Amino acid sequence: MTKLYGLGTALVTPFDKQGAVDFEALDRVLDVQLDGKVDYIVVLGTTGEAVTLTPDEHRAVRQHVVEYVAGRVPLVLGLGGNNTAEVLRKLDEWKDELTAHYAAILSVCPYYNKPTQEGLFRHFDTIAKASPIPVILYNVPGRTGVNMLPETVMRIYEANPTKIGGVKEASGNIDQIKTLITMAAQTDLAVISGDDGIACELMQAGAVGLISVASNAWPKEFGRIVHEKDAALQKQFDETIRLLFKDGNPAGIKTVLALQGRIENVLRLPLVPCSEAVQNELAQILQKK
């Protein structure tokens with residue numbers, strides 16, 4: 001997992017004006033990541049709107065990113081869900097692809113059906129035992145409706161110490177995350193910030209890195225925030241980060257990338273672009289950076 005320390009970008013999936021996957025725009029975004037020297041790239045996670053892709057599109061994006069990146073940085077694949085059996089089916093079907101091309105999978109807590117802590121343990125214990133590569137747990141209760149507690153994270157890890165490589169913590173609860181960092185301190189479990197806005201504070205507390213949305217547009221700057229624990233630079237992005245998430249993710253970051261001329265500002269329903277007011281505010285910020 002040490003290869004996944006530092007800055008990871010939660011990659012967007014660009015669409016053209018007709019709503020199809022825009023591979024040329026995807027290459028432009030990937031070039032920014034590689035030129036910005038991110039440590040790794042997370043493909044087809046929440047920011048990548050993976051749940052809106054058809055199976056054929058999902059496969060095409062996976063293959064395209066693997067071929068374009070060509071081993072220059074490690075890749076992590078978003079692979080989770082609220083149907084444990086379906087996750088297991090994909091792990092089996094994609095086993096050779098995962099083993100050949102990915103350093104880990106990022107597996108989100110089951111959403112909508114709101115499992116108990118015992119249900120979370122059994123879900124991830126089953127996935128860890130079936131996965132051919134390490135698993136990064138992903139706790140994001142604002143999206144899933146369930147909060148995975150530090151005790152549950154550690155229980156999953158202790159049952160699968162060679163398979164659970166880390167946890168992306170995006171609960172926004174700093175006290176909870178710091179408790180987890182303390183509990184994991186004497187283990188190989190990597191705690192990764194899932195929030196751009198508190199990355200510095202968590203890094204100073206012992207987190208090993210950040211999986212970032214904002215780094216789609218500003219990889220060099222967020223690399224400094226992560227690697228140098230540059231709190232002053234982090235503070236300069238406070239208002240930007242607030243606006244990026246005001247109308248939801250990835251609406252904010254797609255607005256920025258469109259303003260930078262890299263992609264079309266297109267999302268797939270049920271997601272829609274940011275309001276005109278937010279787009280104007282983000283445009284004003286870009287003019288100053």
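The numbers here are math on the coordinates, done by the rules we state, and not lab data. Everything numeric here is computed off the predicted structure, so don't read it as measured data. Please note: Cβ atoms are built from the backbone with ideal geometry, for glycine as well, and neighbour counts cover all protein chains shown.
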Fill in the blank from the handout: Debye calc, one equal point scatterer per Cα of the range 118-198, no solvent, log10 I(q)/I(0) at q = 0.18, 0.19, 0.27 1/Å comes to -0.68, -0.76, -1.46
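For A100 and L88 in the same chain, what is the full-extension length gain: residue separation times 0.36 nm, less their Cα-Cα distance, in nm? Mind dumping the intermediate values first?
On the way: separation 12, 0.36 × 12 = 4.32 nm, distance 1.80 nm.
This chain segment gains 2.5 nm when fully extended.
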Completion exercise
Cross-link reach from K229 to lysines, straight Cα distance under 17 Å and at least 8 residues apart if same chain, gives K37, K178, K220
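If you filter the range 42-149 for chymotrypsin sites (Phe, Trp or Tyr not before Pro), then keep DSSP loop positions with at most 13 other Cβ within 10 Å, what is left? It would help to have the intermediate numbers written out before the result.
Values: sites: Y68, W94, Y102, Y111, Y112, F121, F124, Y138; in loops: W94, Y102, Y111, Y112.
Those satisfying the criteria are Y112.
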Handout entry: Debye log10 I(q)/I(0) at q = 0.17, 0.31, 0.33 Å⁻¹ for the range 139-185, Cα point scatterers
Key = -0.47, -1.24, -1.30
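Using the 10 angstrom Cβ neighbour count as an exposure proxy, how do L271, L257 rank, fewest first?
Working: L271 15, L257 22.
With the sparsest Cβ surroundings first, the list reads L271, L257.
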Handout entry: Pairwise FRET efficiency - R242 versus D175, Cβ, R0 = 25 Å, nearest 0.05
Key = 0.75
Handout entry: Binned Cα-Cα distances of the range 2-228, short to long, each 5 Å bin given as a whole percent
Key = 1, 7, 16, 20, 21, 18, 12, 5, 1, 0, 0
Handout entry: Assigned charges on the beta-carbon of Lys, Arg, Asp, Glu; the chain dipole about Cα centre (debye)
Key = 220 debye
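Cut-off is 10 Å between beta-carbons; in what order do D230, D35 appear when sorted fewest neighbours first? Before the final figure, lay out each step's value.
Numbers: D230 17, D35 10.
Fewest-to-most Cβ neighbours within 10 Å comes out as D35, D230.
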Problem - Amide hydrogen neighbours beyond the local backbone of F15, cut-off 5 Å, H modeled - result: D22, E264, V266
Problem - Anchor K129: lysines whose Cα lies under 25 Å away (excluding residues fewer than 8 positions away in-chain) - result: K3, K90, K95, K114, K163, K168
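How much length would be gained if the chain were fully extended between D125 and L269, taking 0.36 nm per residue of separation minus their Cα-Cα distance, in nm to one decimal? Please list the in-between numbers first.
On the way: separation 144, 0.36 × 144 = 51.84 nm, distance 3.28 nm.
Value of the extension gain: 48.6 nm.
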Completion exercise
Between the residues L106, Y157, V266, the Cα farthest towards the positive end of the dipole of the chain, that dipole coming from +1 and -1 charges on the beta-carbon of Lys, Arg, Asp and Glu, is from Y157
Problem - Computed E for A231/E118 - FRET, C-beta separation, R0 35 angstrom, nearest 0.05 - result: 0.35
